[in-house]
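Undergrad: Can you keep this structure in mind? I'll have questions shortly.
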Amino acid sequence: MPRTATTATELLNRYRSGALSPRDGVGHFLRRQEAVDGKVSAFLDTCREGIETQLKGLESMDKSVPLWGVPVAVKDNIVVRGRKTRCASKILEGFESPYDATVVRKLRQAGAILCGTTNMDEFAFGSSTENSAFQKTANPWDLTRVPGGSSGGSAAAVAAGEIPLALGSDTGGSIRQPASFCGVVGLKPTYGRVSRYGLVAFASSLDQIGPLALTVRDAALLLGVIAGWDPMDSTSADMPVPDYVKTLEGGVQGLRIGIPQEYFGEGLDAGVRENVELAIDTLRSLGAQCDPVSMPHTQYAISVYYIVATAEASSNLARFDGVQYGLRSSSENLLDMYCRTRDEGFGMEVKRRVLLGTYVLSSGYYDAYYLKALRVRSLIKRDFDEAFKRVDVLATPTSPTVSFRLGEKIQDPLTMYLSDIYTISTNLAGVPAISIPCAAGDPSLPVGLQLLAKPFDEATLFRVAHAYETKVGGPFLPDL
């Protein structure tokens, strides 16, 4: 049977009561990593040699800071000063960052102990964490299945009890889909809510960093630390950041929850549908008003996403050419060096998306594909604008299925892309969304309920998610 998990909130309470020291708390999670990561393969680097220095730094820090002594892991596309940042790609072998990402700087200021970088799909291109150049990560609930992607390492590490908090990035569902598959909480904030400075870019108009945690309260705590305006990111929004933890207890009485009918159609697994509908019934029983809404342009989301995202990826990944950092292949001339470096350094999925993006941006196709996709993206955003005139929150499945088996879809990219069919629209519209565990589906695998809200209204998402979580209980860890 699953075991009760240790959350960041519980850890902080024990520190502040004197029942536990940060050294012992961090040691507990390091021992857990040693015990189970050989099975899960969630971590690429555990940063063990730097942990003692971080622990000593806590001695001169105010114990009231939000994450004093709490271990945190970051996805391998978020730079950490003096540490390897490889985006799970061979092309960045040997690269060590000379600076901290803004979110990492904020974690340090909040007293967090950075305990490693987590595995991912190469450059965040994937939905299963099988595209990593270094290792495949397994789902802690069933080691023959994927943890989702591209933030699968972060989600698996939290689910396996190896770390209480982790950061991921979400371009089309890369936090929420792994959260669904691994039975944890994952939030994609509003675009601009969290600084992207120090996040290796995939698609700059879609990427957002966000938290993965065992509970809604822990996710709210972590977002409160990393959110806020940053002068180093021109897309960062100068908006006030609420105390998300203090607003958790408001309940859902009188809230209007919309149920988009387009998210419950063909392709949705019957068991997932049943569990999500039961979760919606639970919210209704807590006092929410749940009504159907229509999002008519949802059917175009996959097509729009794989034009916009690959176009931006093609541009962003042009910098990886063997000249300034990372892998450099030997060659007789400059052009051959570029070609050989990118051929040897990039994996198949990266090459596929760069080729797609280059194609849609090329002469003769830019208007036919890219500009048309941007116009349809505006229509998708308008769907959300109209829906939020009638409701406070939208409720949908996070993924159309439970976790699939390792190797099951890796040779079929189109089927793999459909894994994100319910999460992509959120990134195109820039609105916040959270995935929370809503049930154990057949065969006893986690199912995710996705909640979406107006831009910069993460507080309402946390409030609804916390009300549901309080009603159904948890969190739990799988046996490993």
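The values are calculated or read from the model by the stated rules, or taken from the named source; none is laboratory data. All of these numbers come straight from a predicted model, not from anything done at the bench. So basically every Cβ, Gly included, is an ideal-geometry build from the backbone, and we count neighbours across all protein chains shown.
Undergrad: Give me the residue from region 384-411 that is outside any loop (DSSP other than H, G, I, E, B) and basic (Lys, Arg) and, out of that set, surrounded by the most Cβ atoms within 10 Å (Cβ to Cβ).
TA: Arg405
Undergrad: Still on this model: Which residue pairs have Cβ atoms closer than 8 Å, lie 6 or more positions apart in sequence or on different chains, and pair a first residue in region 278-305 that is in a strand (DSSP E or B) with a second residue that is basic (Lys, Arg)?
TA: If the second residue must be basic (Lys, Arg), the pairs left are Gln289/Arg256; Cys290/Arg284; Asp291/Arg256; Asp291/Arg390; Val293/Arg390.
Undergrad: Another question, then. Please specify each residue of region 437-479 satisfying the condition of being among the aromatic types (Phe, Trp, Tyr) and either crowded, with 24+ Cβ neighbours inside 10 Å or at pLDDT below 95 (or both).
TA: Phe462, Phe476
Undergrad: While we're here: Quick one: would you say Leu414 is part of a helix (DSSP H, G or I), out of contact with any Asp or Glu (no Cβ under 6 Å at 6 or more places or on another chain) and touching a residue at least 40 places away in the same chain (Cβ under 8 Å)?
TA: no
Undergrad: Out of region 221-247, which residues are touching a residue at least 60 places away in the same chain (Cβ under 8 Å), under 20 Å from Pro455 (Cβ atoms) and over 20 Å from the mean Cα position of the chain (by Cα)?
TA: Those that are touching a residue at least 60 places away in the same chain (Cβ under 8 Å), under 20 Å from Pro455 (Cβ atoms) and over 20 Å from the mean Cα position of the chain (by Cα): Asp230, Met239, Pro242, Thr247.
Undergrad: Hey, another quick one. Test Val65 against the criterion of being part of a loop (DSSP other than H, G, I, E, B) and aliphatic (A, V, I, L, M), and give yes or no.
TA: yes
Undergrad: Now for a different question. State yes or no: is Thr144 polar (S, T, N, Q), surrounded by fewer than 24 Cβ atoms within 10 Å (Cβ to Cβ) and either over 15 Å from Ile434 (Cβ atoms) or under 8 Å from the mean Cα position of the chain (by Cα) (or both)?
TA: Yes, satisfied.
Undergrad: Quick check on my filter: what residues within region 412-456 are in contact with a Ser or Thr (Cβ under 8 Å, 6 or more places away or on another chain) and among the acidic types (Asp, Glu)?
TA: Asp420
Undergrad: I would also like to ask the following. Could you tell me which residue of region 179-228 is surrounded by the fewest Cβ atoms within 10 Å (Cβ to Cβ), considering only residues that are touching a Gly at 6+ places or on another chain (Cβ under 9 Å) and charged (D, E, K, R)?
TA: Filtering region 179-228 for residues that are touching a Gly at 6+ places or on another chain (Cβ under 9 Å) and charged (D, E, K, R), the one surrounded by the fewest Cβ atoms within 10 Å (Cβ to Cβ) comes out as Arg193.
Undergrad: Any idea which of Ala155, Ala160, Ala166 is within 30 Å of Gly57 (Cβ to Cβ), of a type in the set (A, V, I, L, M) and more than 12 Å from the chain's Cα centre (by Cα)?
TA: Ala160
Undergrad: Given the residues Val72, Val26, which is the only one that is touching a strand residue (DSSP E or B) at 6+ places or on another chain (Cβ under 8 Å), in contact (Cβ under 8 Å) with a residue 24 or more places away in the chain, among the aliphatic types (A, V, I, L, M) and in a helix (DSSP H, G or I)?
TA: Going through Val72, Val26 in turn, the sole match is Val26.
Undergrad: Same structure again: Output the number of residues of region 21-71 satisfying the condition of being at positive phi and either among the small types (Gly, Ala, Ser) or not assigned by TED's automatic domain parsing to the domain that holds Ser150 (or both).
TA: 2
Undergrad: Quick check on Gln33: is it under 28 Å from the mean Cα position of the chain (by Cα) and under 23 Å from Asp479 (Cβ atoms)? Give the derivation first.
TA: Values: under 28 Å from the mean Cα position of the chain (by Cα): yes; under 23 Å from Asp479 (Cβ atoms): yes.
It is true that Gln33 is under 28 Å from the mean Cα position of the chain (by Cα) and under 23 Å from Asp479 (Cβ atoms).
Undergrad: Specify the residue that is modelled with the highest pLDDT; the eligible residues are those in region 1-21 that are surrounded by 14 or more Cβ atoms within 10 Å (Cβ to Cβ) and touching a strand residue (DSSP E or B) at 6+ places or on another chain (Cβ under 7 Å).
TA: The extreme case among them is Ala8.
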